[in-house]
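Novice: Could you have a look at this structure, given as structure tokens, before my questions?
The values are calculated or read from the model by the stated rules, or taken from the named source; none is laboratory data. Note that the structure is a prediction, hence the values are computed from the model and not measured. Here the Cβ positions follow ideal geometry from the backbone for every residue, glycine too, while neighbour counts run over all protein chains shown.
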Amino acid sequence: MVTYVEADVAPSRNTGQIRLYGAEAFSGMRKACDLTARALDELVGMVQPGMPTADIDRFIFEFGMDHGAIPATLNYRGYTKSSCTSINHVVCHGIPDEKPLRDGDIVNIDVTYILDGWHGDSSRMYPVGTIKRAAERLLEVTHECLMRGIDAVKPGARTGAIGAAIQSYAEAQRCSVVRDFCGHGVGALFHDAPNILHYGSPQEGVEMREGMIFTIEPMINLGRPQVKVLSDGWTAVTRDRSLSAQYEHTVGVTKDGCEIFTLSPAGLDRPGLPPT
Ligand code: MF3
Ligand code: CO
Ligand code: CO
């Protein structure tokens, strides 16, 4: 049985109960998520052939510090970077390093800032130089998956409706949905209940209620859905080495739908793709 708890009185660890946040939390999340979105906006000009992902990671650290925020991934379960940078067939949790990005790469940059105790978690895909049409199509499909998932968020519906919307669109486009990683409750904690699956059916999952805050972050592959984690313990790649993409927003459930906290103030939610 799933239970819900007012966030103000909830224990400070993940107990499996679902936190329901109030107006003050929503305003804190707006600020943390806006900072994350502005950092992702700043990256648009920086992501170029020749740029090492470690430089991007240093920027994310500095930008956070300059604005009173700390990257949530820093020292998280032994992770030592301020962001994840996942290139081409890397599905997620790519570790920034000194290797330069190359023309034609696609890279996901995933940032979570903690500002005044609130976690703002978002990621976008960045084309490096000129990318192939197949890669561009994967980015378009994956962003559309995220937005269709978000459209399924409303009180009374189950979280499975999000997964169903994403899976049906991805598979209709002859792409596949990664099963091994999911979205998550977020807010006062980085990773909290419930899990948000990116596949499934509308009858599955937990009922969404006003005040819930969680991420939706589908990972979509051009090939098969299977992944493996490399020996560094983090980097997840597609087993068939096909291209993988991901976009992530943090959303809060409202009376009649949801608020997207991590929308780009500059309209750069899909860097390098034609405007929708
Ligand atoms: N930001 C990722 C997410 O979307 C989590 C990264 S955890 C790390 O949930 F340790 F790999 F950085
Ligand atoms: Co993230
Ligand atoms: Co997340």
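Novice: Kindly indicate whether any position in the stretch 164-183 is buried (at least 16 other Cβ atoms within 10 Å of the Cβ), modelled with pLDDT of 95 or more and over 21 Å from residue 124 (Cα atoms).
Specialist: Checked the stretch 164-183: at least one residue is buried (at least 16 other Cβ atoms within 10 Å of the Cβ), modelled with pLDDT of 95 or more and over 21 Å from residue 124 (Cα atoms).
Novice: Can you pull out the residues in the stretch 164-187 that are more than 15 Å from residue 142 (Cβ to Cβ) and over 17 Å from the mean Cα position of the chain (by Cα)?
Specialist: Within the stretch 164-187, just 164 meets the criteria.
Novice: If you don't mind, another one. Just to be sure, is residue 160 in contact with a helix residue (DSSP H, G or I) (Cβ under 9 Å, 6 or more places away or on another chain), more than 16 Å from ligand 2 (Cβ to nearest atom) and at pLDDT 95 or above?
Specialist: Numbers: in contact with a helix residue (DSSP H, G or I) (Cβ under 9 Å, 6 or more places away or on another chain): no; more than 16 Å from ligand 2 (Cβ to nearest atom): yes; at pLDDT 95 or above: yes.
Spelling it out, it is not the case that residue 160 is in contact with a helix residue (DSSP H, G or I) (Cβ under 9 Å, 6 or more places away or on another chain), more than 16 Å from ligand 2 (Cβ to nearest atom) and at pLDDT 95 or above.
Novice: Inside the stretch 120-136, can you point out the residues that are in contact (Cβ under 8 Å) with a residue 24 or more places away in the chain and either of a type in the set (Lys, Arg) or more than 16 Å from ligand 2 (Cβ to nearest atom) (or both)? Quick ask: steps written out before the conclusion?
Specialist: Our first condition is that a residue be in contact (Cβ under 8 Å) with a residue 24 or more places away in the chain; within the stretch 120-136, this holds for 120-132, 134-136.
124, 127, 128, 129, 130, 131, 132, 134, 135, 136, listed by residue number.
Novice: Also, quick follow-up: Taking the stretch 203-242, which residues are away from ligand 1 (no atom under 16 Å from the Cβ) and either under 27 Å from residue 1 (Cβ atoms) or crowded, with 23+ Cβ neighbours inside 10 Å (or both)?
Specialist: The answer is 203, 204, 205, 206, 207, 208, 209, 210, 211, 212, 221, 238.
Novice: All but one of (1) closer than 30 Å to residue 26 by Cα; (2) more than 16 Å from ligand 2 (Cβ to nearest atom); (3) touching a Phe, Trp or Tyr at 6+ places or on another chain (Cβ under 8 Å) hold for residue 117; state the number of the condition that does not hold.
Specialist: Failed condition: (3).
Novice: Same structure, new question: Go through the stretch 159-194 and report how many residues are in a loop (DSSP other than H, G, I, E, B), more than 17 Å from residue 212 (Cα to Cα) and touching a residue at least 12 places away in the same chain (Cβ under 8 Å).
Specialist: Pass one, the stretch 159-194, residues in a loop (DSSP other than H, G, I, E, B): 159, 173-175, 178-182, 186-191.
Next, from what is left, pick out any that are more than 17 Å from residue 212 (Cα to Cα): 173-175, 178-181.
Restricting the remaining residues to those that are touching a residue at least 12 places away in the same chain (Cβ under 8 Å) gives 173, 175, 178-181.
Matching residues across the stretch 159-194 total 6.
Novice: Tell me, yes or no, whether the stretch 135-158 has at least one residue that is crowded, with 21+ Cβ neighbours inside 10 Å, over 19 Å from residue 213 (Cβ atoms) and within 14 Å of ligand 3 (Cβ to nearest atom). Let's see the steps before the verdict.
Specialist: Keep residues of the stretch 135-158 that are crowded, with 21+ Cβ neighbours inside 10 Å, which gives 138-139, 142-143, 145-146, 149, 152-153.
Still in the running and over 19 Å from residue 213 (Cβ atoms): 138-139, 142-143, 145.
Subset that is within 14 Å of ligand 3 (Cβ to nearest atom): none.
Taking every residue of the stretch 135-158 in turn, none turns out to be crowded, with 21+ Cβ neighbours inside 10 Å, over 19 Å from residue 213 (Cβ atoms) and within 14 Å of ligand 3 (Cβ to nearest atom).
Novice: Let me ask you something else. Which of the residues that make up the stretch 117-137 are part of a strand (DSSP E or B) and of a type in the set (Ser, Thr, Tyr)? First the steps, then the outcome.
Specialist: Step one: of the stretch 117-137, the residues part of a strand (DSSP E or B) are 118-127.
Result: 122, 123, 126.
Novice: Which condition breaks for residue 189 when tested against (1) more than 16 Å from ligand 2 (Cβ to nearest atom); (2) within 25 Å of residue 17 (Cα to Cα); (3) not hydroxyl-bearing (Ser, Thr, Tyr)?
Specialist: For residue 189, the failing item is (1).
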